[in-house]
Amino acid sequence: MHFNGYLFLMDERNLKSMAVQSLLKRVKSKVISREEISELGIKTDTDPEAAKIMGLKNIDGGFVGENCGIMEPDLLASYYVRELENMGGVEFRYNTNVTRLNLSPRTKLNFPGEPFIWQDKIIESIETKSSELFADHFLLATDVWTSDLTSPLGIDPFTQPKKVQVFQVQSNGIVEMMKKKVTGEEDIFPFTILPGPSIDLRPDPKSRTFWVSYSEGIGRGFSLEENPMAEADYYSNNLYPVLREYIPAFEDARIMSSWAGYYSMNNMDGTYVLERNMNLSVVTGSSGSGIMKADAAGRLASSLYSGKEKAKLYGGAEIRVADLGITTRRVDQETLII
Ligand SMILES: Cc1cc2nc3c(=O)[nH]c(=O)nc-3n(C[C@H](O)[C@H](O)[C@H](O)COP(=O)(O)OP(=O)(O)OC[C@H]3O[C@@H](n4cnc5c(N)ncnc54)[C@H](O)[C@@H]3O)c2cc1C
């Protein structure tokens, strides 16, 4: 993990908001000035005409979350794979698609058409293309793909797939920007969120590029394709006009590569949904923050699976598993979805 900080660029109203003032007291963070932001290569006063057309904002300062940064999730996942393999008793089956959850009566009568409405039900097995696997309990951590497996059973995961695209962009100016920093030991540009539209720029120190992304609201339908692709027009018509107004280094920048994926959106409150039905536990709805919340989600999933009432989070705080359930839900609205 590189602690290069998250830099939220803001107008004065947002800088003075209760949320920012409270964060400044509670977490390792600071505010940087317009001058410091200009030093990073970001324009604080946008062109009035462009600002009017695109709803751009002037930048009066930046809130820096210093205990934040960037990491490579693949490395973290590989670490846990190794740990689990060393522990023993865990077998990973890669490239094995589960096609179906088989619903059965708890006590079989062996009549055609089982299970009937009056029978107690369980998931007896799951099917893959070449095998059927049996277990006492099943846990789905399939995030955006959960509905494919649960909908045929009448279990609604209350999440929708939202496509998010990433463009890896470079120019000579961006290479120069990469040498600057606002916090941390290393010379790494902060993960930066523009004030509006809140496009985010993730620095990639190795390639000295920015990964540019934006989490869309209205206008981006919910859909799930097998191999989602980034749309070049989306960059040139939507992101580029905004980027070049705030950051001159984007004017002549080139797209080096691009990719797309899905947020598993819980559109009620923007955070995880954990639900247990019969012998099936479901953890889904990471809503674009499943890396940041992975540790907490894993602890909650473990408690859900074990039938414990609460989960103890990393900092020692306890949380009721039912608070993230569907009918027993009691969570605040997630306000930080980048
Ligand atoms: C472009 C982009 C940028 C993001 N950036 C961030 C970020 O900066 N910070 C952050 O916290 N989060 C970020 N996220 C969100 C984050 O990637 C997800 O929340 C996280 O990966 C969820 O982890 P997961 O293990 O629950 O699900 P996934 O990583 O989606 O894993 C689910 C797994 O289940 C498997 N699976 C699904 N269906 C089946 C089936 N039927 N049979 C067998 N296997 C199946 C899939 O193959 C997959 O391996 C980003 C997402 C995108 C798309």
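The values are calculated or read from the model by the stated rules, or taken from the named source; none is laboratory data. These figures come from a predicted structure and were not determined experimentally. In this analysis, Cβ positions are derived from the backbone assuming ideal geometry, glycine residues included, and neighbour counts consider all displayed protein chains.
Consider segment 204-219 and keep the residues that are more than 15 Å from the chain's Cα centre (by Cα) and of a type in the set (S, T, N, Q). The one that is surrounded by the most Cβ atoms within 10 Å (Cβ to Cβ) is Thr209.
Conditions (1) within 16 Å of the ligand (Cβ to nearest atom); (2) without any contact (Cβ under 8 Å) to a residue 24 or more places away in the chain; (3) closer than 21 Å to Asn267 by Cβ; (4) not in a loop (DSSP other than H, G, I, E, B), marked per residue:
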residue	(1), (2), (3), (4)
Ala297	yes, no, yes, yes
Ile319	no, yes, no, yes
Ala322	no, yes, yes, yes
Arg330	no, yes, yes, no
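What's the total number of residues in segment 305-324 that are under 17 Å from Thr159 (Cα atoms) and touching a helix residue (DSSP H, G or I) at 6+ places or on another chain (Cβ under 9 Å)? Residues that pass the stated criteria total 1.
Tell me which residues, restricted to segment 197-214, are in contact (Cβ under 8 Å) with a residue 60 or more places away in the chain and basic (Lys, Arg). Of everything in segment 197-214, just one residue is in contact (Cβ under 8 Å) with a residue 60 or more places away in the chain and basic (Lys, Arg), namely Arg202. Looking across segment 309-334, the residues that are surrounded by 10 or more Cβ atoms within 10 Å (Cβ to Cβ) and closer than 12 Å to Arg276 by Cα come down to Val321, Ala322, Leu324, Gly325, Ile326, Thr328.
For segment 163-184, does any single residue satisfy the condition of being surrounded by fewer than 15 Cβ atoms within 10 Å (Cβ to Cβ) and touching a His at 6+ places or on another chain (Cβ under 7 Å)?
No: segment 163-184 contains no residue that is surrounded by fewer than 15 Cβ atoms within 10 Å (Cβ to Cβ) and touching a His at 6+ places or on another chain (Cβ under 7 Å).
The number of residues in segment 130-157 that are surrounded by fewer than 18 Cβ atoms within 10 Å (Cβ to Cβ) and more than 8 Å from the ligand (Cβ to nearest atom) comes to 14.
Of the residues Gly173, Gly154, the single one that is in the same structural domain as Ile247 (by TED's automatic domain parsing) and of a type outside the set (D, E, K, R) is Gly173.
Checked against (1) among the aromatic types (Phe, Trp, Tyr); (2) more than 22 Å from the chain's Cα centre (by Cα); (3) in a loop (DSSP other than H, G, I, E, B), Tyr305 passes all but a single condition, namely (3). Please work out which residue is farthest from the ligand (Cβ to nearest atom), limiting yourself to segment 245-293 and to residues that are crowded, with 16+ Cβ neighbours inside 10 Å, part of a strand (DSSP E or B) and hydrophobic (A, V, I, L, M, F, W, C). Checked segment 245-293; the qualifying residue farthest from the ligand (Cβ to nearest atom) is Ile255. Scanning segment 1-39 for residues that are surrounded by fewer than 13 Cβ atoms within 10 Å (Cβ to Cβ) and in contact (Cβ under 8 Å) with a residue 24 or more places away in the chain returns Met1, Glu12, Ala19, Val27, Ser33, Glu39.
Conditions (1) assigned to a strand (DSSP E or B); (2) within 23 Å of Asp200 (Cα to Cα); (3) more than 11 Å from the ligand (Cβ to nearest atom); (4) out of contact with any Cys (no Cβ under 9 Å at 6 or more places or on another chain), marked per residue:
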| residue | (1), (2), (3), (4) |
| --- | --- |
| Lys52 | no, yes, yes, yes |
| Leu56 | no, yes, yes, yes |
| Cys68 | no, yes, no, yes |
| Glu83 | no, no, yes, yes |
| Gly89 | no, no, yes, yes |
| Arg93 | no, no, no, yes |
| Leu101 | yes, no, no, yes |
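Screening Ile337 on (1) closer than 18 Å to Asp200 by Cβ; (2) within 16 Å of the ligand (Cβ to nearest atom); (3) surrounded by 17 or more Cβ atoms within 10 Å (Cβ to Cβ) shows it passes everything except condition (3). For segment 70-81, the set of residues classified as within 13 Å of the ligand (Cβ to nearest atom), farther than 25 Å from Ile126 by Cα and surrounded by 10 or more Cβ atoms within 10 Å (Cβ to Cβ) consists of Ile70, Met71, Glu72, Pro73, Leu76, listed by residue number.
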